[in-house]
Amino acid sequence: MTQRREEHWSTDDEDALDWPERITKDVIQAITRRRKDLGLSAQDLADETGVLGYEVPRNVIANWESGRRKTITIPELIVVAEALDIAPVELLFSPALGGWVDYLPEMPSDRWSALTHFTGEARHSLGTYRLRLYREHERIWQELQEEHHDAFQLEFKLFREEWPPGSQEKLDAFVAAVRERLQPVRARLREIGLEVPPLAPSLGFLDAELPPLKTDFDLEDE
């Protein structure tokens, strides 16, 4: 008598699987769904990966789908996704499966939010990203003024003859700190098409070191 092969992935108790297994299960389910949607057999998929230069054997695919193999490597994910004509991230957090996924062991998320978080889209939408950059700019600028108070106060002395001894060295250190800590933020603002906040007039020459203001930045505002 032939026994029915156990379908290891078939369980109503998702908590019985640890987080890595749950993530892998989702990926394999997405692979299986996509494979069947395209009308491909496991052998067809294996052949396609071979054409791409990194064959994933049919028995590996079968073991994934039966649950006997509970891991998938990054190279396997990439080549299988290419063979299935789908982005790897869509297999990792497939919106087509619906429901929720644990982005981290204790971070449940809907699949679309998990996908956009993984790609960086969620955290880098222009609406929130520009505010974060401006806040970061203000924080660093305030810190620099406090840390280099004496150098900043030179802004209010019209003539160098009024500068106390050691002022040039302090000013040079101030400028170096601005270049190191603040200029990267100012450069990023320029790169995404945003105006940079003004600095002290004596530091205006630093703006010439920034990239030109982009006007065609197309990051979608949410």
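What does the charge add up to near Leu91, with Lys and Arg as +1, Asp and Glu as -1, over the other residues with Cβ less than 15 Å from its Cβ?
Net charge in that neighbourhood comes out at -1.
Which order results if Thr32, Thr73 are arranged by neighbouring Cβ count within 10 Å, fewest first?
Thr73, Thr32
So which GluC sites (Glu not before Pro) in the stretch 127-205 are both in a DSSP loop and have at most 12 other Cβ atoms within 10 Å of their Cβ?
Loop-located and lightly packed - Glu195.
Determine the shape class of the stretch 126-209: with a ≥ b ≥ c the square roots of the Cα gyration tensor eigenvalues, call it rounded for a/c under 1.5, and otherwise prolate if a/b is greater than b/c, oblate otherwise.
In terms of gyration-tensor shape, prolate.
Between Ala96 and Asp47, what FRET efficiency follows from the Cβ-Cβ distance if R0 is 30 Å, with the result rounded to 0.05?
0.80
Tell me, what ³J(HN,Hα) does each residue in the stretch 27-32 have, in order and in whole Hz, if you take phi through Karplus 6.51 cos²θ - 1.76 cosθ + 1.60 with θ = phi - 60° and put x for Gly and Pro?
Coupling constants for the stretch 27-32: 4, 5, 4, 5, 4, 4 Hz.
Taking the Cα centre of the stretch 14-119 as origin, work out the dipole magnitude from +1 charges on Lys and Arg Cβ and -1 charges on Asp and Glu Cβ, in debye rounded to 20. Spell out each step's value before the answer.
Values: 11 positive and 18 negative charges, 45 e Å.
Dipole size: approximately 220 debye.
Just flag the chymotrypsin sites (Phe, Trp or Tyr not before Pro) in the stretch 83-189 sitting in loop per DSSP whose Cβ has no more than 15 other Cβ atoms within 10 Å.
Phe159
If you filter the stretch 52-113 for GluC sites (Glu not before Pro), then keep DSSP loop positions with at most 12 other Cβ within 10 Å, what is left?
Sparse-neighbourhood loop GluC sites (Glu not before Pro): Glu106.
Collect residues whose amide H, placed 1.01 Å from N in the peptide plane, falls under 5 Å from the amide H of Tyr103; neighbours closer than 5 in sequence don't count.
Correct list: Ser109.
Residue-wise, which Karplus ³J(HN,Hα) couplings in Hz belong to the stretch 163-172, taking 6.51 cos²θ - 1.76 cosθ + 1.60, θ = phi - 60°, and x for glycine or proline?
Residue by residue, the stretch 163-172 yields 6, x, x, x, 5, 5, 4, 5, 5, 4 Hz.
Mind giving me the FRET efficiency for Ser202 and Phe118? R0 is 41 Å, r the Cβ-Cβ distance, nearest 0.05 is fine.
For Ser202 and Phe118, the calculated efficiency is 0.40.
How large is ³J(HN,Hα) for each residue in the stretch 184-191, as worked out from phi by the Karplus curve 6.51 cos²θ - 1.76 cosθ + 1.60 (θ = phi - 60°), to whole Hz, x for Gly and Pro?
Using θ = phi - 60°, the values come out as x, 5, 5, 5, 5, 4, 4, 5 Hz.
Quick note: the coordinates plus some simple rules give every number you see, no bench work behind them. Only a predicted model underlies this, so the values are computations on that prediction, with no experimental measurement involved. Note that each Cβ is placed from the backbone with ideal geometry, even for glycine, and that neighbours are counted across all protein chains shown.
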